[in-house]
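Q: Dropping a structure here in structure tokens format, bear with me for questions.
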Amino acid sequence: MRLLKQLGAVAVVAFLGSLLVGAVQGVPVLALITGVATALLALLTYAKVVRWTEHRDAVEVAREGAAASLGRGLLIGAAMFTAVILLIALFGGYRVNGWGSVGGAVTLIGVTAAAAVTEEVMFRGVLFRIIEERLGTWGALVLTGLVFGLMHIINPHATLWGALAIGIEAGWMLAAAYAATRTLWLPIGLHFAWNYTEAGIFGTDVSGKTGSEGLLDGLTSGPAALTGGDFGPEASLVTVAAGLLVTWLFIRLARKRGTIVPRRRLAPAEPGPTPAQ
């Protein structure tokens, strides 16, 4: 029940925020303000609903240490996508045609902030965290990662492979990042920086979606296995390999820190009373 209450509360904020951001997307400053406001409201809503349903402070979004964790996530996400697109470019799958749009890049800050925060709160803060209590870290990671990927099957140019690729490279990686740090700030930073570097800087499609231009007018071309095809670099085998590598590093860190949660075993049934002789 608490899963549905928490998920529902944040989903309402995400839905209304997406409508508002979409309505002002043609005005970069308004899109930026609306997107950031949606992200902040989602975090506040999550903290409040956790307090209401679990009678505790939502330490996973505590302000203490938030800046450092968020900063690490931003660095990892930006470095990761930069490495991926450079590898794709090395094999002839990406080139820059010129400059894109500063206004588009500003708009994408708001759009990306709203999407990254609401998705991390729903998928890692609610689904992964609560399912992990019963299935353990491994079960929750696999299950919620695949659900996260399949959520993208409705995107433009989506294929089953593209959805599974996102589940593996992003769903598993972001869940592992939360499992290793037990804070949502690092996966939020990683998610935001990955998507923003992808669209806002290099100008490529994000999960099949095309929209505002980034700082660069980028073009991918070549085999879909390399570039991801119409779905964008997230369906590239290069991206999947990078995501699996970072997932493995986070899992190693989680093991080192002792934050892997084992699967909860059901208690054996109590024996009934012995029948009277």
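Bear in mind these aren't lab numbers, they're just calculated from the coordinates by the rules spelled out. Predicted model, so just to flag it, every value in this text is computed and none were measured. Neighbour counts are summed over all protein chains in view; Cβ atoms, including those assigned to glycine, are modelled from backbone coordinates with ideal geometry.
Q: For residue 81, state whether it is within 20 Å of the chain's Cα centre (by Cα) and aromatic (Phe, Trp, Tyr).
A: yes
Q: Quick check on region 45-57: of everything there that is under 21 Å from the mean Cα position of the chain (by Cα) and in contact (Cβ under 8 Å) with a residue 24 or more places away in the chain, which residue is farthest from residue 3 (Cα to Cα)?
A: Step by step, filter region 45-57, then rank; the result is 45.
Q: Tell me, please, whether a residue that is acidic (Asp, Glu) and either surrounded by fewer than 23 Cβ atoms within 10 Å (Cβ to Cβ) or on the phi > 0 side of the Ramachandran plot (or both) can be found in region 201-217.
A: Yes, region 201-217 contains a residue that is acidic (Asp, Glu) and either surrounded by fewer than 23 Cβ atoms within 10 Å (Cβ to Cβ) or on the phi > 0 side of the Ramachandran plot (or both).
Q: To continue, here is another question. If I ask for residues that are of a type in the set (A, V, I, L, M, F, W, C) and touching a residue at least 60 places away in the same chain (Cβ under 8 Å), which ones from region 250-266 would you list? If you could, list the steps in order and put the result at the bottom.
A: Of the residues in region 250-266, the ones of a type in the set (A, V, I, L, M, F, W, C) are 250-251, 253-254, 260-261, 266.
Listed by number, the residues that qualify are 250, 251, 253, 254, 260, 261.
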